[in-house]
Amino acid sequence: MGKTVGLAGAGSIAFGTAAVLAEAGHDPMLWSPSGAGTAELAQGAPLTATGAVETVLTPRIADSAQALAQENEVLIIALPGYGHKAVLDALAPHLEPRHHVIISSHASLGAVYLMQLLAARGVSVPITAWGTTICTGRRQSGTEVKVNTVRSRVDLCTVPEESSGTALVLCQELFGDRFQPRDGLLAISLSNLNPQNHMGIALGNITRMERGETWSQGQNVTPTVGRLLEALDAERLEIAQALGLEVKTIFEHFHLSFHVPIASISEMNQQMHAQGNGGTGPATADSRYVTEDVPYGLVLTAALGRLTGHPAPLHEAGIRIFSAMYGRDFEAENQILAALDLDRYSLDDLKRAARTGLLRQPERA
């Protein structure tokens, strides 16, 4: 018997995840917070997935956060990080102990933010954080998605940590045996390689993005871009080591996600391109590679670097360079970290929250 799964989002990842779920015999429902993303589906049009998943489905459509919560037992947050806070705020009043929430992929301690909202209501639900999405793809239209790949390995953890066992079983029931448990939310945050990888790719190809060109992402991870990605990865791994956390390397990431042999990062991307799954780079400067991954990815890694005494100068430089390029203060755009007011807490507080989902209340002066 399949499960009812509500997906908050109506973009590439939500559409692709819905297709993966339907293929496995589950019953997905989509909710577009603006309503625009599901307008055609709401009128009865089927959703067609091609590529790594070939299927046609007619997903249920929710018209509100309340409907999504009421009609599903599992809820998946499947939209860019800059949309997480508004969606978590909308869902929190309607969550009950029967629910299980999955954040795909986890952005800037969103699980802690949601757990704090629920604690204020006296409610607790298991919240599972994924280090990345179950699939990659591109939304082709309001009724079509091309799924580039379904990942063979996805890092996850659950808060509170005593729910980890049942959460792992649930994720396996939904998506198969592809999950790697990690040691708390900080490990998951540091397991998400998209921010660092997208930073290097966007910096190296920003004029292609801005001019709206069609370009192969894998092919354009040239040797110089590849070396930058490797150096960014070294900063992330040093922070993880300082926290006593085990996370996958960038080499393991490309190997497991895109099924290419381990080599230099540029060589692995050239191999992905040759196999036809190197992906197409963003065709706009207004891309989540920057507008999501800088404030919700690089900013958190940089903050953890400062907290652990292992600063990440390349990450810090990336935040400043993109802020200058875009004329925006990307550090200030992270709504979740601002709401949590992370500066008030110690590293020990953060480590505790990574397991419980709750930050202690700081003592007032």
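The values are calculated or read from the model by the stated rules, or taken from the named source; none is laboratory data. None of these values were measured; they are calculated from a predicted model. A quick note on method: Cβ atoms are made from the backbone with ideal geometry, for glycine too, and the neighbour counts reach across all protein chains shown. To get the accessible areas, we keep the full protein, side chains included, count just its heavy atoms, and leave off ligands, DNA and RNA. Shrake-Rupley method; radii C 1.70, N 1.55, O 1.52, S 1.80 Å.
List of remarks:
- Residues of region 65-82 that turn out to be open to solvent by 20 Å² or more (accessible area, probe 1.4 Å), farther than 22 Å from Pro97 by Cβ and not hydrophobic (A, V, I, L, M, F, W, C), as a count: 2
- No other residue among Pro311, Pro295 is at pLDDT 95 or above and over 21 Å from the mean Cα position of the chain (by Cα) apart from Pro311.
- Screening Ile250 with (1) crowded, with 20+ Cβ neighbours inside 10 Å; (2) over 26 Å from Ile319 (Cβ atoms) gives one miss only, at (2).
- Among all positions in region 87-107, there is no residue which is over 14 Å from the mean Cα position of the chain (by Cα), of a type in the set (Lys, Arg) and under 28 Å from His255 (Cα atoms).
- Scanning region 202-235 for residues being assigned to a helix (DSSP H, G or I), under 21 Å from the mean Cα position of the chain (by Cα) and within 18 Å of His255 (Cα to Cα) gives a total of 5.
- Selection from region 33-64 of residues that are among the small types (Gly, Ala, Ser) and open to solvent by 10 Å² or more (accessible area, probe 1.4 Å): Ser34, Gly35, Ala36, Gly37, Ala39, Ala42, Gly44, Ala45, Gly51, Ala52, Ser64
- Residue in region 346-358 that is open to solvent by less than 10 Å² (accessible area, probe 1.4 Å), touching a strand residue (DSSP E or B) at 6+ places or on another chain (Cβ under 7 Å) and of a type outside the set (Lys, Arg) present: yes
- Checking each residue in region 221-246 for being open to solvent by 50 Å² or more (accessible area, probe 1.4 Å) and among the small types (Gly, Ala, Ser) picks out Ala234, Gly244.
- Contacts under 7 angstrom Cβ, first residue in region 301-329 being buried (at least 16 other Cβ atoms within 10 Å of the Cβ), partner among the basic types (Lys, Arg), 6 or more apart: Thr301/Arg236
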